[in-house]
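Mind looking over this structure? Questions follow.
The values are calculated or read from the model by the stated rules, or taken from the named source; none is laboratory data. Since the model is a prediction, treat every value here as computed from it, not as a measurement. Positions of Cβ are backbone-derived with ideal geometry, glycine not excepted, and every protein chain shown enters the neighbour counts.
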Amino acid sequence: MIKALLEMGPFRALFICSIFTLGVLTACQSTSVVGPVTQELAKENYLNYTITWSGTFQGSKTKLFFKGYNKEGKVAVCGYYIKSSGSEERLTATWIEQAKIFLGDTEIVSTRFINGVEEGDRPLANCVTTTIPYSRSLMEKDFSLRGQEIHIYD
């Protein structure tokens with residue numbers, strides 16, 4: 001079984017990966033985004049998180065970077081991850097394709113907008129504006145990622 005355990009980063013943020021058995025999907029309404037995916041050069045104001053994989057990829061880690069902010073009264077999110085190689089990269093890309101970002105119990109957006117960048121590159125983060133109204137109290141809630149258990153076979 002492959003399970004993502006996330007190590008806490010700064011800023012009261014805690015990523016919690018909700019693991020579901022394959023074939024069991026939870027029905028959630030997808031949060032829409034407003035407008036296209038844009039890019040920005042990522043700077044030091046991004047929160048750094050690490051997924052520690054188990055199972056076949058025991059001990060492998062994937063670094064993710066996120067920030068949330070107010071854009072015209074809506075919650076906007078930027079994010080990227082550091083690419084790995086081979087099956088480990090497929091694992092990461094597959095998990096990111098179906099995971100979701102939450103603030104507290106509020107689903108903010110699917111993570112499928114985030115992009116992978118090569119280690120050492122100047123990171124360009126993908127950004128989206130959501131339909132979720134921005135509020136200071138929402139942004140103070142714990143930030144988490146939730147996604148399914150996945151299996152990668154060679």
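Please go through region 84-117 and give me each residue that is among the β-branched types (Val, Ile, Thr), touching a residue at least 40 places away in the same chain (Cβ under 8 Å) and over 14 Å from Ile51 (Cβ atoms), ordered by number.
Of everything in region 84-117, those that are among the β-branched types (Val, Ile, Thr), touching a residue at least 40 places away in the same chain (Cβ under 8 Å) and over 14 Å from Ile51 (Cβ atoms) turn out to be Ile108, Val109.
Something else now. Any idea which of (1) closer than 20 Å to Asn115 by Cα; (2) at pLDDT below 85; (3) not hydroxyl-bearing (Ser, Thr, Tyr) is the one Leu64 doesn't satisfy?
The single condition Leu64 does not satisfy is (2).
I need every pair where a residue in region 118-141 that is in contact (Cβ under 8 Å) with a residue 24 or more places away in the chain has its Cβ under 7 Å from the Cβ of a residue that is part of a loop (DSSP other than H, G, I, E, B) and polar (S, T, N, Q), sequence separation at least 6 or different chains.
Thr130/Thr31; Thr131/Thr31; Thr131/Ser32; Ile132/Thr31
Could you please tell me which pairs satisfy a Cβ distance under 8 Å, a separation of 6+ or placement on different chains, a first residue in region 30-54 that is in a strand (DSSP E or B), and a second residue that is modelled with pLDDT of 80 or more and exposed (fewer than 13 other Cβ atoms within 10 Å of the Cβ)?
Val33/Thr131; Val34/Thr131; Leu41/Arg122; Thr52/Gly59
If you don't mind, there's one more thing I want to ask. Which of the strands (runs of 3 or more DSSP E) contained wholly in region 85-154 include at least 1 residues that are loosely packed, with under 14 Cβ neighbours inside 10 Å and modelled with pLDDT of 90 or more?
Answer list for region 85-154: 106-110, 124-133.
Conditions first: (1) aromatic (Phe, Trp, Tyr); (2) over 16 Å from the mean Cα position of the chain (by Cα); (3) at pLDDT 85 or above. Tyr81 passes all but one, so which condition is the exception?
(2)
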